[in-house]
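Data block below; observations after.
The values are calculated or read from the model by the stated rules, or taken from the named source; none is laboratory data. Remember, predicted model here, so these are calculated numbers, not experimental data. Heads up, the Cβs are rebuilt from the backbone with ideal geometry, glycines too, and the neighbour counts pull from every protein chain shown. Protein only, heavy atoms only, side chains kept; ligands, DNA and RNA dropped before computing areas. Shrake-Rupley method; radii C 1.70, N 1.55, O 1.52, S 1.80 Å.
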Amino acid sequence: YLKISKLALAFAIIHSKPRGKSCREYTEHLAKTVSEQDFGWKSKVEALEAEVLRLRQELLLHKICPRFCLENDASAETLLDQECINPMSYSSQLEDSGCDVSNDYAFDSLGVASDFHQSEHNVSASKYWLERVPPLNLCCTSKGESLRAPVQFLQHLLEIRKLSEGGVLQADFTELENDSFTICNSVSELLDGLIVFYNSPEFPFSNFLTEAVCVLINLITDTKLSNHILKKCFKKLEEFKKNLIQIILRNSSINRFQKLHAISHTLVLLGRNNILRNSLIALLLSEVRQFAEQLLQAYQIQAMYDITKFENIFPLCMILEQLLQNETEESNVSSSGYDGEEKNKFLKNLDLIILHLSDEFPLFSLYLWRVSVVLNSAQIQ
């Protein structure tokens with residue numbers, strides 16, 4: 001049947017082709033016309049699916065708190081107005097290759113860059129940023145439009161949570177259990193949109209990216225909402241962390257330092273959640289260990305190694321060290337907490353690796369040693 005159909009189509013094309021065009025040219029023209037029609041239908045379907053999701057989001061919010069839609073303009077908006085951010089100038093964020101930032105205060109205050117040994121003042125400032133619900137101020141780009149609906153929906157969930165906790169509204173969050181589709185799709189859209197932003201960031205970083213990250217972090221750290229989110233979207237969050245790590249390792253652009261700082265800071269913020277931190281530490285241990293073994297093998301046989309990966313492995317080491325320190329300080333360490341098997345693999349031949357690489361790669365060896373010290377001190381505690 002398929003052969004007969006193809007033959008019939010071929011005859012139809014031959015008989016209907018216009019003069020002055022070959023069969024090949026006419027076939028390509030027809031194929032292009034059909035593909036454009038398919039693309040148009042796909043766009044319409046995606047737009048309709050987005051509209052359906054938006055309506056489901058509104059319905060879910062109404063079920064959780066029927067009064068929210070009516071009182072949102074008054075109570076919630078008043079609450080958010082008290083926490084507005086004063087606009088700042090970001091024009092100096094990318095004046096050179098990205099190695100230096102002239103306006104450090106503006107950069108750090110957005111949570112984009114992160115010094116991994118912060119002062120007490122910066123730590124408290126970061127906590128304040130995480131605890132607040134930022135006002136929604138989305139840019140009207142194509143990337144921004146794709147994230148507008150999930151960010152707005154999830155932010156409204158946080159607003160209802162905060163208002164209900166303050167006694168302003170009564171809310172029933174058990175409705176999240178009854179509509180797992182909406183909450184899963186919204187979080188998935190947010191995570192996919194953030195990956196798109198981090199893969200091709202626009203400089204200077206806009207408030208929108210920071211707001212989207214803050215909504216995600218607040219959602220995960222909220223005790224009442226995180227159970228629903230982690231239960232339904234844990235695999236998606238794991239994929240998100242893996243993708244961020246790979247974006248760091250693969251990036252070879254000249255102006256990549258600010259981008260790597262932003263992604264690193266996002267990973268550190270995700271690591272503040274105990275459940276996500278454990279799996280994130282296991283992922284980082286695996287990546288650093290595998291690269292150290294590959295580098296040792298390349299060094300021993302005098303082969304070429306991945307320079308880009310070598311340059312980008314240091315942010316992962318710094319993230320790993322900070323997360324392990326946070327774990328130790330909270331006295332919440334267990335061998336099974338962040339995959340005891342992965343930890344044992346990391347420590348197994350580490351002394352030998354450091355011994356062989358210390359002369360040729362002293363800085364990387366130092367970072368490996370620092371991570372091992374934190375791991376061993378955690379085990380002793």
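Keeping the other protein chains in place, figure out the carbon and sulfur percent of the accessible area of the range 274-380, with a 1.4 Å probe.
Roughly 50 percent, rounded to a whole number.
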Cut-off under 29 Å on the C-alpha distance; same-chain residues fewer than 8 positions from Lys6 excluded. Which lysines are left, in chain and number order? Lys17, Lys21, Lys32, Lys42
Just order 349-359, 31-41 by mean Cβ neighbour count inside 10 Å, highest at the front, would you? 349-359, 31-41
Take every Cα pair under 8 Å in the range 274-380 that's 6+ residues apart, average their separations, divide by the length, and report that relative contact order as a whole percent. 39 percent
24 Å Cα-Cα reach of Lys224 towards lysines, excluding residues that sit fewer than 8 places from it in its own chain: Lys63, Lys127, Lys162, Lys232, Lys235, Lys236, Lys241
Accessible area per residue in Å² at 1.4 Å probe, computed on the range 274-380: 50 Å²
